[in-house]
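Step one of this worksheet: look at the structure below.
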């Protein structure tokens, strides 16, 4: 059965906006995009729904999340001035206080927040990847779940890889048509060079996607370039031998071979022109998380230089951002970049930011053959965004209205693979009230301890 969605604007992203446009969906795929009259004439027997003063556009692609940490929204505020303490508190809380069901509920609540804000696809890094995969399947999101791997001690690399590989292979049996599995060696300071080499060889052989935090903090840069700082001190306390490569984190990843896997590199705050060129040469991708970067005080990534790379936006965890809102993320990225690089203003446009939040994000995740735009043949991942609010009218240009005047709260419909998973103010696939109650229970437990 064919269904036609129509609205005042259709924004395909990879083509100019269409006034009074429509999108026809058959099963899981888009079969037509164009002026409303033309699409209706092509499918005269289709059911139709008109959203009026709204924009139909591709679903937003959140390139970097940690959905399992949703229950820690606001839990780590006191530690934000000390990244090492922040990481330690997060890790201990996740390991010692949260049950497997807590983590699944936390991830599901994060997925609900995402679909309410028009996100249809995520790149999620998770320690409890099985719980996150199940949560995405429950809610109906598309995405890649990247199983996190840790292990900074080179002496234990073989043992750690045997365990991680078994975990990965078990996880891959649970893949679905919408959710696939990848690998996330956590960061250069938490994964030894030998372990990085094993992971890279495996992912290249198995053609698995890779995500990795990189060039995020000053502490990471000090460890790499000079072998000193908080991370180096922690190594010494734990008896872990470390010889600084005396290069940037990006050049280090090139040296140990990780960039051969064309990873999605998250943050890339502390990068120079040579690093940008290296990323480009290896065809690696970047997930830009401007709100999280700023909230944790890590600095400002040179977003205007990412325009030459395959890149998208990420919210990071709500433990470090507090909301999953890709429209707000895109606006923040654009405004911060314009402030820091006014000479690049002509390139830093609403059109460019909307591309990064959709088609660019899909490209960064390696899913651009499936999603990220409104075009016949692609998966029917689309959203409707109201454009008649007091904060939006009048609308002269729908792209500017979406980026500079709208947020996730303006989304009224979210569709993934032709299935409506959010409409009428509620997620359609899970019991929101049950999840809300459980998340509050988890929050109370974290505070009590």
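Counting only Cα atoms, I'd like the Rg/Rh figure for segment 327-449, Kirkwood definition for Rh.
Reported Rg/Rh (Cα atoms, Kirkwood Rh): 1.05.
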### Message
Between segment 369-394 and segment 135-173, what is the separation of their alpha carbon centroids in Å?
### Response
33 Å
### Query
Where the centroid of each part is defined by its Cα atoms, how far is segment 223-243 from segment 49-81 in Å?
34 Å
## Note on the structure
Fewest-first ordering of 276, 162, 442, 383 by Cβ atoms within 10 Å yields 162, 276, 442, 383
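Report Rg/Rh for segment 269-330, rounded to two decimals, where Rg is the Cα radius of gyration and Rh the Kirkwood radius. Show your work: numbers first, answer last.
Numbers: Rg = 12.0 Å, Rh = 12.2 Å.
For segment 269-330, the value is 0.99.
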### Task
Name all residues of segment 382-413 having a backbone nitrogen under 17 Å from the label point set 7 Å from the Cα of residue 428 along its Cα→Cβ direction, giving them as ranges.
382-386, 411-413
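Suppose R0 equals 41 Å. What FRET efficiency, 1/(1 + (r/R0)^6) with r the Cβ-Cβ distance, do residue 323 and residue 343 give to the nearest 0.05?
On the way: r = 31 Å, r/R0 = 0.75.
Given R0 = 41 Å and the Cβ-Cβ separation, E is 0.85.
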## Note on the structure
Label model pair residue 197, residue 308: point-to-point distance (7 angstrom along the Cα→beta-carbon line) in nm is 3.2 nm
### Query
Expressed as a rounded percentage, what relative contact order does segment 241-382 have, with Cα pairs under 8 Å and six or more residues apart?
18 percent
### Query
Using a Gaussian network for the chain with springs between C-alpha atoms less than 10 Å apart, which of these wobbles most: 321, 293, 82?
82
### Task
State the Cα centre-to-centre distance between segment 296-342 and segment 205-219 in whole Å.
18 Å
### Task
With just the Cα atoms of segment 1-135, tell me how far they stretch along each of the three principal axes, in Å, largest first.
60, 30, 22
### Message
Could you list 104, 423 so that the one with the fewest beta carbons within 10 Å of its beta carbon is first and the one with the most is last?
### Response
423, 104
### Proxy reagent accessibility, fewest Cβ within 10 Å first, across 200, 14, 65, 176
176, 14, 200, 65
### Message
Expected output is a single nm value to one decimal: the length gained when fully extending between residue 440 and residue 280, i.e. 0.36 nm times separation in residues minus the C-alpha distance. What is it?
### Response
53.2 nm
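Can you give the helix-only mean residue ellipticity at 222 nm for the chain, where every DSSP H stretch with n ≥ 4 adds -39500 (n - 2.57) and the sum goes over all residues, rounded to the nearest 500 deg cm²/dmol?
Values: 17 runs with 171 residues, N = 449.
When only DSSP H runs of four or more count, the value is -11000 deg cm²/dmol.
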### Query
When the convex hull of the Cα atoms of the chain is projected onto a plane and the area is averaged over all directions, what value comes out in nm²?
20.8 nm²
### Query
Expressed as a rounded percentage, what relative contact order does segment 60-364 have, with Cα pairs under 8 Å and six or more residues apart?
20 percent
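Given a Förster distance of 60 Å, report the FRET efficiency between residue 396 and residue 163 from their Cβ-Cβ distance, rounded to the nearest 0.05. Don't skip to the answer; put the middle values down first.
Values: r = 57 Å, r/R0 = 0.94.
Plugging the Cβ-Cβ distance into 1/(1 + (r/R0)^6) gives 0.60.
Any read-out appearing in this document is the output of simple, stated calculations on the displayed coordinates, not a laboratory observation. Here the structure is a predicted model, which means the values were calculated and not measured. Backbone-built Cβ (ideal geometry, glycine too); neighbour counts: all protein chains shown.
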